[in-house]
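First up is the structure itself, then whatever we jot down about it.
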Amino acid sequence: MRKPVDLPSSAALKARPTLAEVRDWPATVNVPQAALALGCSPRHLYYLIKRGEAPVKTLPFGRRCVVTTQSLVTLLESA
């Protein structure tokens, strides 16, 4: 009988980026990528954006929304 293998969770597969890595991102990123940098779920960040309470600057593009990388960097530097 084989021993069960412990697989990493999906969250562990997507490691949180460092501040230096975030600085190298393009000018805007999608909400899931921004949420990864902030350490929250994309669903929670979408919720905050909808309520106008997002801690980062967002830009609407029709039904889509992007986050400015500079606002991410500023927020992460102050943490």
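Rule-based calculations on the coordinates, nothing more; no lab input. Computed from a predicted model, the values in this text were never measured in an experiment. Methodologically, a virtual Cβ is constructed for each residue, glycine included, from the backbone with ideal geometry; neighbour enumeration extends over all protein chains shown.
Observations
- Ranked by the mean number of other Cβ atoms within 10 Å of their residues, highest first, the peptides 17-29, 61-73 fall in the order 61-73, 17-29.
- Stretching TYR46 away from ARG23 to a fully extended chain increases their span by 6.1 nm, per 0.36 nm per residue minus the current alpha-carbon distance.
- For the stretch 15-79, the Kirkwood hydrodynamic radius from C-alpha pairs, put into Stokes-Einstein at 10 °C and a viscosity of 1.306 mPa s, yields a diffusion coefficient of 136 µm² per second.
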